[in-house]
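Data block below; observations after.
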Amino acid sequence: MRRNIVNLFLAISSIALVLGCFWSSERGNGTVDAEPDTAGSNVAAAPVSNTENRTAATKKPDKGDFVVEHLEVKTPRYVEIDKQVQSEKLLVKAADKLNRALILPYDIYLRTKDCSETNAFYDSRDHSVTMCYELMEDFFQTFKSAGQSEQVAYGKMFDAVKFVFLHEIGHALMDAYKLPVTGSEEDAADRCAAFINISELGDEGVRNVMAAAEAFSIESKRRGTKPNMADDHLLQEQRFYNSLCMIYGSDQKKYANILSDGFLPKERAMRCPLEYQRTVDAWVSLLGPWRKS
């Protein structure tokens, strides 16, 4: 278990490195393969170019950095894991890449710790992203509860946590840049994570989104009480369908099985290409003024 969680942090750090490369480079290597009038890459090309030209002369001042903080680990079974994460400088390397890519108005802290709860979160009070060791164990148990082998559960745990990491980075950027959100911020963070995974990481990123969607589905079925309708998060069932919609919308031919196998209703699937493209265009435009050359 320890070896696998250390491998997980290697995966998390690789995601952050990709984030840095993505935001500091030109867009145009996405995996969108849809009809030009809905989600084709030709549709996205012009807005991105215009946005980059428009924002080139209006870059924001850089007043902060992504800063790594390793907090004291109190749970015995996590102590050795934490030591290995620190010795490998995993988050330090990730923060360096992010700092090369993005302008920040203040410092944002990246933390790993035992939280005494199953969680990952962004805290706007001190501008920190925290990944809890407990969350990793919970994902593993979630997949195991569905009858999957330990090996399969480990792999899917890795993938699902990558999605969550990018979800929390999305929250951090929305807060730091005061980005407009015209709906649920939790949904916007989910779509940010899906957008980066699918458009920049290819098949690996799709696996991350698919693993998260599967976890949402399993959790919704094993829930023993009524859902908290006042929660700002979407219902797990909704997150499941939204995640599949983003994947299907990115390439209807490649992911046709999502529709043909009945995972996504036809009425929703027909809107997914436009949903995906709008998400891509929105995030590329919003991040334009904050990208370093």
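The values are calculated or read from the model by the stated rules, or taken from the named source; none is laboratory data. Predicted model, so just to flag it, every value in this text is computed and none were measured. Virtual Cβ from ideal backbone geometry, glycine too; neighbours counted across all protein chains shown.
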For this session: Please go through region 76-105 and pick out each residue that is part of a loop (DSSP other than H, G, I, E, B), in contact with a helix residue (DSSP H, G or I) (Cβ under 7 Å, 6 or more places away or on another chain) and surrounded by fewer than 21 Cβ atoms within 10 Å (Cβ to Cβ).
Result: Ile103, Pro105
For this session: Give the residue that is nearest to Lys89 (Cα to Cα), with candidates limited to residues of region 109-126 that are touching a Leu at 6+ places or on another chain (Cβ under 7 Å) and surrounded by fewer than 21 Cβ atoms within 10 Å (Cβ to Cβ).
Result: Arg111
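For residues that are in a helix (DSSP H, G or I) and touching a residue at least 24 places away in the same chain (Cβ under 8 Å), scanning just region 141-154, find the one that is nearest to Trp290 (Cα to Cα).
Tyr154
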Exercise. Is there a residue being in a helix (DSSP H, G or I), on the phi < 0 side of the Ramachandran plot, more than 8 Å from the chain's Cα centre (by Cα) and of a type in the set (Phe, Trp, Tyr) anywhere in region 168-182?
Worked result: no
For this session: Output the number of the condition that Val129 fails; it satisfies all remaining conditions of (1) part of a helix (DSSP H, G or I); (2) at pLDDT 90 or above; (3) buried (at least 19 other Cβ atoms within 10 Å of the Cβ); (4) hydrophobic (A, V, I, L, M, F, W, C).
Result: (1)
Seminar exercise, completed: Condition set within 21 Å of the chain's Cα centre (by Cα) and hydroxyl-bearing (Ser, Thr, Tyr), scope region 250-284, selection farthest from Arg191 (Cα to Cα): answer is Tyr255
Seminar exercise, completed: Taking first residues from region 72-95 that are in contact (Cβ under 8 Å) with a residue 40 or more places away in the chain and among the hydroxyl-bearing types (Ser, Thr, Tyr) and second residues anywhere that are loosely packed, with under 15 Cβ neighbours inside 10 Å and assigned to a helix (DSSP H, G or I), the pairs with Cβ under 9 Å that are 6 or more apart or on different chains are Tyr78/Arg2
Exercise. Touching a helix residue (DSSP H, G or I) at 6+ places or on another chain (Cβ under 7 Å), aromatic (Phe, Trp, Tyr) and modelled with pLDDT under 90 - does that describe any residue in region 110-121?
Worked result: no
Exercise. All but one of (1) over 26 Å from Gln141 (Cα atoms); (2) at pLDDT below 90 hold for Leu235; which doesn't?
Worked result: (1)
Problem set entry | Checking Lys266 against (1) buried (at least 19 other Cβ atoms within 10 Å of the Cβ); (2) farther than 22 Å from Lys162 by Cβ; (3) out of contact with any strand residue (DSSP E or B) (no Cβ under 9 Å at 6 or more places or on another chain), the condition it does not meet | (1)
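Suppose we filter Tyr276, Tyr248, Tyr241, Tyr255 for residues that are in a loop (DSSP other than H, G, I, E, B) and hydroxyl-bearing (Ser, Thr, Tyr); which single one remains?
Numbers: Tyr276 fails: in a loop (DSSP other than H, G, I, E, B); Tyr248 fails: in a loop (DSSP other than H, G, I, E, B); Tyr241 fails: in a loop (DSSP other than H, G, I, E, B).
The unique qualifying residue is Tyr255.
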For this session: List every residue pair whose Cβ atoms sit under 6 Å apart, with the two residues 6 or more apart in sequence or on different chains, where the first one lies in region 274-292 and is at negative phi and the second, anywhere, is at pLDDT 95 or above and crowded, with 20+ Cβ neighbours inside 10 Å.
Result: Glu275/Cys245; Glu275/Gly249; Tyr276/Met246; Tyr276/Gly249; Tyr276/Ser250
